[in-house]
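Report on the following structure.
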Protein chains: 4
Amino acid sequence: VTSDPLIQENDSVLLYLSPRKNWIVRARASQEFHTHLGRVQLGNLVGLAYGAQVHSTTGEVLWALRPSLYDLIRKSERRTQVLYPKDLGFVAARTGLGPGQIVVEVGTGSGVLTAFAANLVRPTGHVYTFEARPEFAEVARRNLERVGLGEYVTLGVRDAIGGIGVTGADVALLDVGAPWELVPSLGAALKGSGMLAAICPTMNQIERLVESLGAGGFVDVESVELLLRSMEARTGMTRPSTRMHAHTAYLVFARKVLASA
Amino acid sequence: VTSDPLIQENDSVLLYLSPRKNWIVRARASQEFHTHLGRVQLGNLVGLAYGAQVHSTTGEVLWALRPSLYDLIRKSERRTQVLYPKDLGFVAARTGLGPGQIVVEVGTGSGVLTAFAANLVRPTGHVYTFEARPEFAEVARRNLERVGLGEYVTLGVRDAIGGIGVTGADVALLDVGAPWELVPSLGAALKGSGMLAAICPTMNQIERLVESLGAGGFVDVESVELLLRSMEARTGMTRPSTRMHAHTAYLVFARKVLASA
Amino acid sequence: VTSDPLIQENDSVLLYLSPRKNWIVRARASQEFHTHLGRVQLGNLVGLAYGAQVHSTTGEVLWALRPSLYDLIRKSERRTQVLYPKDLGFVAARTGLGPGQIVVEVGTGSGVLTAFAANLVRPTGHVYTFEARPEFAEVARRNLERVGLGEYVTLGVRDAIGGIGVTGADVALLDVGAPWELVPSLGAALKGSGMLAAICPTMNQIERLVESLGAGGFVDVESVELLLRSMEARTGMTRPSTRMHAHTAYLVFARKVLASA
Amino acid sequence: VTSDPLIQENDSVLLYLSPRKNWIVRARASQEFHTHLGRVQLGNLVGLAYGAQVHSTTGEVLWALRPSLYDLIRKSERRTQVLYPKDLGFVAARTGLGPGQIVVEVGTGSGVLTAFAANLVRPTGHVYTFEARPEFAEVARRNLERVGLGEYVTLGVRDAIGGIGVTGADVALLDVGAPWELVPSLGAALKGSGMLAAICPTMNQIERLVESLGAGGFVDVESVELLLRSMEARTGMTRPSTRMHAHTAYLVFARKVLASA
């Protein structure tokens, strides 16, 4: 029997009360976390097993959970629209993201997709990501460090329209306002048969991007959208939830092919 | 400049003609592949770069693509309902599947989710999977070997209701007809704060499973469904596709917590 | 050229500012309507054409629109969950509601579906509706009078499980918590080949209702759900809205057949 | 007790075997209807009650149902894309279609929406519809006669871009390839506060139409899409159906307002 590792000083912990009320804290002696349901002594977390109960000063029960990468990501500092796990996961599954791959990304934003990809290609793979807006790059850099994935990422703070300086990439990720402008750069960066995945909030973007991909040496171009529906499963009263996020983004996929010799 | 690896004798190649017409073949001297559009000499693939064009005997152009894990999976031999990348990817993103993790799975089926998980936890992680029906286990074993992931998987051909014999797992996956029966076994296998993900085709399954999870030491129980919608992006005529898979399965997630001391 | 009728004293008017900010008022001399954007003199509406501009005391432009039946309904007093036009309209189209028909309804609620049906069968048809809770029946009665459809409706304030006392109905509508209990009553009320439509928020309800219909002399049993998605159509930035009502209710349809002689 | 009318010679009957196998026939002495499950003597239908059983020559049970307007419409001759009851019904509910209204329609197509609207505005209302392609107009005319609604419809076989010659309409319906071209004509035909509803298969159409409506004297412009999901309700195995129509058309609604005096 493996004994599970215990919570160490400075570990990130997800204090979980309910699906909507949960917070990422650090286990730190002599610090308190204040909720509307009383205070939690963060020093008390040290030495607990992950999954253990803690009590607030008002007697409320919370759970000390190990944050998943997605918990860390969704609680990140951000300046851009969040990327949802439905979209992150589909990008991973559809492109075949996995250990050892080289990934290029244009449009780092807050670094959410960057972190997600870095986690899947580590430790032998690498993500080269480009963000033209220095203030976003700074946020992304902090987020990547905070989730412990900075060493698997190289972040270029510049426009990538003129070229990327990486070749032989397995996967290219694209999340910018005018994605069609990046087709030549990403086509040059990808190895033959490499996969491109783009995140496009509007229908106009997918229309123009798909045109450019078809003209720019890509095949197997596919555009999709994922809808996530929550279910309320309760004995004798099961039904879909009444509210949902109706749209996050369209996703466009394509594979690079080689010009005939 | 890295030169991309070329296609080797015996490599799997995705011969791509269109989204609906593509096939996985082996690059092998003196073998032919027959399509309704003429024959392709499979020996000619050897030495090509991935992404190169090949021609059939009738002059049709096909592309020699490197199959992604998902291509390999969707072309697998199977005896069970297929798992779609939308569901595979969401399970990965929501549970935080990644390098080095220990995964337990009950209900191997054809091994699709098994292979997907094994690819993400390798090389240092491992998947322990259980399939009670020997004929399914045999299919899964062949599929795992074919995609080169067998070494990261231990397949037990037995019922797991009485217990699993693994502890400290990070993630538990569940795809059986009566998932509520496995809650005690998977609760025992998971480490504190470990994540469970179950695949349930019917409403009745999620209702009973959610009841059992609530009573069995799990919190943060969530049920969702993902809908994948294809878009037809064409200049001046962009619209959703007229047909879609309207339902594959509901997905249920939960986190194991520890009984209070 | 027909000249459009002008707004008369006491007419209902939809004061329209935006999709979310619009109100039903009465055109009445010496009354004011207060909004956060200033006051509107309701007497000034009298004599205007429908569709005309009015100004608030702060100079804001509003439109004096003729309320549709749906505007009147959605602004009604209500004690029950609202019925959406997507569901109302589908019930009408699928059952073939139209002039001259006899409709029976069990579960009047606030009278929304009652009013919608009464408007379509008038002036020669009639709706017989039953509501067991007197306080709801009272709300429904007020709503029906307010929209001017009371004369086409007979409202019975009683349980209908034991029978309805109407026969030969073309269409039966059902919106109660245990719809399966009403199958015999509605089967007796419908003429041969008559259509039943039921509104069921949960999956458990449709499961039990469909069982009862199959056993109770109905064929062509169909269960569906409608999802309404709003689109934000803006030049160069068209996309679905980010929020939607993800679930209102399932709709079940069936046709009564006759026992073989 | 009202006795239901019996099937008369020449009546249309829906011979119902299953959701996918059902046919509209005429009750006619000495005619036979051939199915893959034997023949049905159509003369035997005369004198039966609607809802009665009939038997084929091989002993198969079918039901003699009264066709709803929608049954008649969906079995119509047509040259254009079908309109689904979800869209027809929503147009009716959202625009407030009802007895006595004047409706103008551009783009009659096969007359499906025309017939649906005519049924709801009769007997005192009227539909003025325009179809520029004579061969479609001919199909529509036959369909309208066949469902008995011809007297409530005036069909103009001409382009309506230059104007319609009708004024004071309550509702305008639009189903053409370039709907934005019709905004001035329909604006002139509608009374103040009248409702416009347009059916648009593509994203590009709604984008251009919404622009034109905003510039052309309309407010309360809304674009939506309806998704119809079938449910398989079976005891202990309830789930959504696996296939669905993922897209029929977007619907755009707007209200005409008057220029300020």
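The values are calculated or read from the model by the stated rules, or taken from the named source; none is laboratory data. If you're wondering where the values come from, they're calculated on a predicted model, not measured in any experiment. Neighbour counts run over all protein chains shown; Cβ positions are idealised from the backbone, glycine included. The area values use the complete protein model at the heavy-atom level, side chains included, leaving out ligands, DNA and RNA. Shrake-Rupley method; radii C 1.70, N 1.55, O 1.52, S 1.80 Å.
Between the alpha-carbon centers of region C:59-79 and region C:1-30, tell me the distance in whole angstrom.
Cα centres, region C:59-79 to region C:1-30: 8 Å.
Can you bin every Cα-Cα distance in region A:43-122 into 10 Å intervals starting at zero and give me the percent of pairs per bin, rounded to whole numbers?
15, 36, 24, 19, 5, 0
How long are the semi-axes of the equivalent ellipsoid of the protein assembly as shown, taking √(5λ) for every eigenvalue λ of the Cα gyration tensor, in whole Å from largest down?
In descending order, the three semi-axes are 52, 34, 34 Å.
Pop out the carbon and sulfur fraction of the accessible area of the protein assembly as shown as a percent, whole number, probe 1.4 Å.
Accessible surface attributable to carbon and sulfur in the protein assembly as shown totals 50 percent.
Give me the percent relative contact order of region A:14-95, please, defined on Cα pairs under 8 angstrom at least 6 residues apart.
24 percent
Thinking of region B:175-246 as a set of Cα atoms, what percent of all their pairs are more than 16 Å apart? Display every interim value, and only then the final one.
Details: 1500 of 2556 pairs.
I get 59 percent for the Cα pairs in region B:175-246 exceeding 16 Å.
Relative to the longest principal axis of the C-alpha atoms of chain A, give the angle of the C-alpha long axis of helix A:85-95, reported between 0 and 90° and rounded to the nearest 10°.
40 degrees
By Cβ position, which chain D residue lies least far from the axis that rotates chain D onto chain A, and what is the distance to the nearest whole angstrom?
Nearest residue, distance rounded to whole Å: D:Met203, 2.
Given a Förster distance of 60 angstrom, what is the FRET efficiency for C:Glu151 paired with B:Ala178, based on the Cβ-Cβ distance and rounded to 0.05?
Values: r = 56 Å, r/R0 = 0.94.
So, using R0 = 60 Å, E works out to roughly 0.60.
Quick one: label points 7 angstrom along Cα→Cβ at A:Glu211, distances to the other copies in nm, smallest first?
Reported distances to equivalent positions: 1.3, 5.6, 5.7 nm.
Give me the 1.4 Å probe accessible area per residue for chain C, excluding ligands and nucleic acids, in Å².
For chain C, the per-residue accessible area is 37 Å².
Can you list, shortest first and in nm, the gaps between the label point of B:Ser260 and those of its counterparts in the other copies, using a point 7 Å from Cα in the C-beta direction?
For B:Ser260, the inter-copy label distances come out at 6.6, 6.7, 7.4 nm.
Please sort by residue number the trypsin sites (Lys or Arg not before Pro) in region B:43-152 whose DSSP state is loop and whose Cβ has at most 14 other Cβ atoms within 10 Å.
B:Arg79
Can you give me the distance in nm between label points at A:Gln53 and C:Val46, each placed 7 Å from the Cα along the Cα-to-Cβ direction?
7.0 nm
Non-local amide H neighbours of D:Gly125 (under 5 Å, H modeled in plane, Pro and chain starts lacking H): which ones?
Correct list: D:Gly100, D:Gln101.
Quick one: pull the percentage of alpha-carbon pairs in region D:1-145 with a separation above 26 Å.
38 percent
How big, in percent, is the set of alpha carbon pairs in chain B lying more than 25 Å apart?
When all Cα pairs of chain B are counted, 52 percent exceed 25 Å.
Could you give me the ³J(HN,Hα) list for region C:133-138, computed from phi with Karplus coefficients 6.51, -1.76, 1.60 and θ = phi - 60°, whole Hz, x at Gly and Pro?
9, x, 5, 6, 4, 5
Number of Lys pairs in chain A with C-alpha atoms less than 22 angstrom apart, excluding same-chain neighbours closer than eight positions? Before the final figure, lay out each step's value.
On the way: A:Lys21/A:Lys75; A:Lys21/A:Lys86; A:Lys75/A:Lys86; A:Lys191/A:Lys256.
Count of close lysine pairs: 4.
To the nearest hundred square angstrom, how large is the accessible surface buried between D and C, total for both chains, probe 1.4 angstrom?
The buried area between D and C, both sides summed, comes to about 5500 Å².
Between C:Arg243 and A:Thr167, with labels modelled 7 Å along Cα→Cβ, what's the label distance in nm to one decimal, could you check?
With each label placed 7 Å out from Cα toward Cβ, I get 5.1 nm.
Using the reciprocal of the averaged 1/r over all distinct C-alpha pairs, how large is the Kirkwood radius of region B:211-254 in Å?
One over the average 1/r among Cα pairs gives 13.4 Å for region B:211-254.
Calculate the FRET efficiency for A:Thr235 and A:Ser18 from the Cβ-Cβ distance with a Förster distance of 22 Å, rounded to the nearest 0.05. Write out the running numbers ahead of the final one.
Details: r = 19 Å, r/R0 = 0.89.
The value I calculate is 0.65.
With the Cα gyration tensor of region D:60-105 in hand, give its eigenvalues times 5 under a square root as the equivalent ellipsoid semi-axes, listed largest first in whole angstrom. Write out the running numbers ahead of the final one.
Values: eigenvalues 139, 43, 22 Å².
With the √(5λ) rule applied to region D:60-105, the semi-axes are 26, 15, 11 Å.
Mean 1/r over all different Cα pairs, inverted: what Kirkwood radius does region C:106-159 give, in Å?
10.6 Å
At D:Ala178, label 7 Å along Cα→Cβ: distances to the other copies, nm, ascending?
Relative to the other copies, D:Ala178 has label-point distances of 2.9, 6.2, 6.6 nm.
Taking the Cα atoms only, what angle lies between the long axis of helix B:112-121 and the longest principal axis of chain B, rounded to 10 degrees?
90 degrees
So, R0 is 25 Å and r is the distance between the beta-carbons of D:Asp159 and D:Glu77; what FRET efficiency does that work out to, to 0.05?
0.60
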